[in-house]
1. From the list 53, 42, 17, which one is under 11 Å from residue 75 (Cα atoms), surrounded by 15 or more Cβ atoms within 10 Å (Cβ to Cβ) and in contact with a strand residue (DSSP E or B) (Cβ under 9 Å, 6 or more places away or on another chain)?
2. Residues to consider are 81, 91, 20; find the one that is assigned to a helix (DSSP H, G or I) and in contact with a helix residue (DSSP H, G or I) (Cβ under 8 Å, 6 or more places away or on another chain).
3. With the checklist (1) at pLDDT 95 or above; (2) surrounded by 15 or more Cβ atoms within 10 Å (Cβ to Cβ); (3) on the phi < 0 side of the Ramachandran plot; (4) not in a strand (DSSP E or B) in hand, flag the one item residue 31 doesn't pass.
4. Out of 74, 68, report the one residue that is in a helix (DSSP H, G or I), buried (at least 18 other Cβ atoms within 10 Å of the Cβ) and at pLDDT 95 or above.
5. Any idea which of (1) assigned to a helix (DSSP H, G or I); (2) out of contact with any helix residue (DSSP H, G or I) (no Cβ under 7 Å at 6 or more places or on another chain); (3) in contact (Cβ under 8 Å) with a residue 40 or more places away in the chain is the one residue 39 doesn't satisfy?
6. I'm told residue 52 meets every condition in (1) part of a loop (DSSP other than H, G, I, E, B); (2) within 10 Å of the chain's Cα centre (by Cα) except one. Can you identify the failing condition by its number?
7. Here are 62, 14, 57: which of them is modelled with pLDDT of 90 or more and at positive phi?
8. Among the residues of region 13-29 satisfying the criterion of being touching a residue at least 24 places away in the same chain (Cβ under 8 Å) and within 10 Å of residue 50 (Cβ to Cβ), which is nearest to the chain's Cα centre (by Cα)?
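The values are calculated or read from the model by the stated rules, or taken from the named source; none is laboratory data. All values reported here derive from a predicted model rather than from experimental measurement. Here Cβ is always computed from backbone atoms with ideal geometry, including for glycine, and neighbour counts include all displayed protein chains.
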């Protein structure tokens, strides 16, 4: 999955991704998008370029510690996100430590 060809992304979430890429969103909601660790990479590529995104909802996306690390790297690489919603994923206590 790439930004140029996000075919694996559910149709209803493609406009959200496009708005992040256009940098027109402050709050993005990918709840129930079933991104998994591979799909979160696509979102993270967009997040890295955003100057206005403040919150990112990723509840119930089957993210593991691997996906959470990918997300953390994207957020720490200069993004503007101040709120992440990661409830009901597969992130373990090991990631939090």
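1. Exactly one of 53, 42, 17 is under 11 Å from residue 75 (Cα atoms), surrounded by 15 or more Cβ atoms within 10 Å (Cβ to Cβ) and in contact with a strand residue (DSSP E or B) (Cβ under 9 Å, 6 or more places away or on another chain), namely 53.
2. Going through 81, 91, 20 in turn, the sole match is 20.
3. With (1) at pLDDT 95 or above; (2) surrounded by 15 or more Cβ atoms within 10 Å (Cβ to Cβ); (3) on the phi < 0 side of the Ramachandran plot; (4) not in a strand (DSSP E or B) applied to residue 31, the lone miss is (2).
4. Testing whether each residue is in a helix (DSSP H, G or I), buried (at least 18 other Cβ atoms within 10 Å of the Cβ) and at pLDDT 95 or above leaves just 68.
5. Residue 39 satisfies all of (1) assigned to a helix (DSSP H, G or I); (2) out of contact with any helix residue (DSSP H, G or I) (no Cβ under 7 Å at 6 or more places or on another chain); (3) in contact (Cβ under 8 Å) with a residue 40 or more places away in the chain except (3).
6. The number of the failed condition is (2).
7. 62
8. The residue in question is 28.
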